[in-house]
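Data first, discussion second: the structure below is written as structure tokens.
Coordinate-derived values only; no laboratory data. Because the structure is predicted, anything quoted here is derived from the model rather than measured. No Cβ is skipped: glycine too gets one built from the backbone with ideal geometry, and neighbour counts run over all protein chains shown.
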Amino acid sequence: MQSQSGGQSWSSGQPGEADGPEPVVTAWRRLAARHAAVCAALERELGDRHGLGVSDFEVLDRLAESAEHKFRAQELADAVHLSQSALSRLIGRLELHGLVERCLCDLDRRGIYVTLTDAGRKRHAEALPTQRAVLTTRLPGENAVPGG
């Protein structure tokens, strides 16, 4: 489609497009912007105060929440929304700092478990209030009790 100036127009001619994006697109853009803002705040605060990135903290948090402070690597990757490869690199960095350990599964020698170390528990405990404070500040009303 050509504009009056002879340049390309990106309008597809879909109904309602001249009136702006559909409500679902607007909602998606708001959600994406909010997610980006919260992640940026978490990266800044966790990085500056505790030397952790958002994904680092999320891995430590999931491990700390689990009963035995360990997770099968594939399940952990799914839980923190990372590819197996990205999780492997992240775990490697956390291992270098003594925060986690990898070990083979006793039943299935191909399976790898990621375990939280004492140092990892300590770093998580130190970073937890920072993460929760950022979430509380950036997501007001999200922690309200439904129906209350």
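Overview of results
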read-out	value
Two-site FRET efficiency, residue 139 against residue 93, from Cβ-Cβ distance with R₀ of 22 Å, rounded to 0.05	0.20
Relative exposure of 124, 97, 50, 81, judged by other C-beta atoms within 10 Å (fewest first)	81, 97, 50, 124
Under 13 Å, Cβ to Cβ, from residue 79 - net charge with Lys/Arg +1 and Asp/Glu -1	-2
Cα gyration tensor shape for region 22-138, rounded if a/c is under 1.5, else prolate or oblate	oblate
Inter-site label distance for residue 85 and residue 105 at 7 Å from Cα along Cβ, in nm	2.3 nm
Cα gyration tensor shape of region 28-72, rounded if a/c is under 1.5, else prolate or oblate by comparing a/b with b/c	oblate
Segment residue 115-residue 28, length gained on full extension (0.36 nm per residue, minus Cα span)	27.7 nm
